[in-house]
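These notes concern the structure reproduced below.
The values are calculated or read from the model by the stated rules, or taken from the named source; none is laboratory data. All figures in this text were calculated on a predicted structure; none of them were measured in a lab. As a convention, Cβ positions derive from the backbone with ideal geometry for all residues, glycine included, and neighbour counts pool all protein chains shown.
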Amino acid sequence: MPDFTSPPVPTGGFAVRNTEPMPDSGGGLRLALLMSGSCLPVMAGVLLAPLLPELQELFRTVPDADALVPLILTLPALTLALVAPLAGLLLDRLGRRVPLVVATVLYALFGTAPLWLDSLGAIVASRALLGVAEAFIMTSCTTLIGDYYAGRARDRYLALQTVCATISATAFFILGRAMGASDWRAPFQLYAVGLLLAPAMAAFLSKPGPGAPMDEALTVRPRPSSAGRLAGICLLSVFGGIVFYAVPAETAYLMSGLGVQSSALIGMVTAIASTATVIGSVIFASTMGRPERRLPAIFALCAAGFVLISLADNVAVLIFGTFLNCIGTGFLLPTLLTWAMSRLEYRNRGRGSGLWIGSFFLGQFLCPLSLLALESATGHLTTAIGALGLASALVAAGLLPLLRRTSPQEPLQA
């Protein structure tokens, strides 16, 4: 793991100025571009979800199609998780903007490749390459938010990143289903949006320039190393990724278990879950104080939602449990992200962002596999969801004394 030890800093109760580069003003368009870029990796995870049964039927004669077709949906997330730490390291060495622009162009090329590819193997390979581009895009956008903004503004925009990603996930799912109704290749055309965003990013994302604004008035004391602490946050974020994606990944199966086959009703419950996530993120953006101190309550809220889902014997209870859980996950993602980003310095913000993003997306990839393993062990999906709720409650209980012992002035160095 790269060295995340900060140089010695003054102690004794003095506020420390952040001397990292900051950009010039003018941020409306800049913020829109960063949010748009942050939505691009979401597309791979949901755009093709409605098409998987059709793709399974289309490639049924191809050897190992049962295993390869689902990879079209999940492989980009795995590749993103594996590549993001390397992407962050390169961002610290090469700068943020050029890798972002290049990756956005490659995103369009690899994303649209299935429009002319006929081989299932080639399509799967293009999806892996798409994940590499997504790793650079997501890490660059998150790192630039950290570069451009400080303090409460940074927390709000990191929360806004979650809101935009959640809303875009619902929009991409609807678009994928609508466009795929006529031709399974049609949804891949949407990836061409990268060719529109790349020139705008090159033109309007200014390079952070010299400046020394006050970040957050903190009394800090030197620590021998914080790499272990960042590793702990990343490990927690893997579990957070599993918790975050459990309801979106399993809603259709849970509804089916209650005898509901209506795609409209399933879509409505999915929309309610997405709305709850947005509400949680919006509330997070309006709160004050140290977000990580709320993690025990957040995991407890997610656990309560999981337990209700596992006990649901009708759709109304399932919807309430889903809503409760997703309010919690709406808090969870920006809380973990702002905690990891809060004390990263400019010189290693890319590395720290990449490690965190890789951890969270690894959780996304592991989520269905973990629930499948729990379902196999317990015999029922609802029991598996309940087990995940129990795990969330145990994490909440374990975090409570740990976070209480942390000094309000103890920095998360990187």
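Ala285 - would you say it is assigned by TED's automatic domain parsing to the domain that holds Ala387, surrounded by fewer than 19 Cβ atoms within 10 Å (Cβ to Cβ), within 30 Å of Arg152 (Cβ to Cβ) and touching a Leu at 6+ places or on another chain (Cβ under 8 Å)? Considered against the rule, which asks whether it is assigned by TED's automatic domain parsing to the domain that holds Ala387, surrounded by fewer than 19 Cβ atoms within 10 Å (Cβ to Cβ), within 30 Å of Arg152 (Cβ to Cβ) and touching a Leu at 6+ places or on another chain (Cβ under 8 Å), Ala285 comes out as yes. Per the listing Ser25, Ser38, Ser6, the residue uniquely modelled with pLDDT of 90 or more and not aliphatic (A, V, I, L, M) is Ser38.
Taking each residue of region 129-146 that is touching a residue at least 60 places away in the same chain (Cβ under 8 Å) and looking for partners that are among the aliphatic types (A, V, I, L, M) and not in a helix (DSSP H, G or I) with beta-carbon atoms closer than 8 Å, six or more apart or interchain, yields Leu144/Leu205; Gly146/Leu344. The residues listed here are Leu106, Leu100; of these, the one that is assigned to a helix (DSSP H, G or I), more than 20 Å from Leu333 (Cβ to Cβ) and in contact with a Cys (Cβ under 9 Å, 6 or more places away or on another chain) is Leu100.
Would you mind finding the one in Gln364, Gln261 that is among the polar types (S, T, N, Q) and under 30 Å from Arg93 (Cβ atoms)? Let's see the steps before the verdict.
On the way: Gln261 fails: under 30 Å from Arg93 (Cβ atoms).
None of the others qualify; the one that does is Gln364.
For the residues Val62, Val69, the requirement of being over 27 Å from Ala198 (Cα atoms), part of a loop (DSSP other than H, G, I, E, B), of a type in the set (Val, Ile, Thr) and touching a residue at least 12 places away in the same chain (Cβ under 8 Å) singles out Val62. Pairs are defined by a Cβ separation below 6 Å, a sequence spacing of at least 6 or placement on different chains, a first member in region 177-188 that is under 19 Å from Leu117 (Cβ atoms), and a second member that is among the charged types (D, E, K, R); the pairs so defined are Trp184/Glu54.
Looking only at residues of region 249-259 that are of a type outside the set (D, E, K, R) and crowded, with 16+ Cβ neighbours inside 10 Å, we find that the one that is nearest to Leu333 (Cα to Cα) is Ala249. Can you tell me which residue in region 64-120 is modelled with the lowest pLDDT, limited to those that are crowded, with 22+ Cβ neighbours inside 10 Å and polar (S, T, N, Q)? Checking each candidate, the answer is Thr79.
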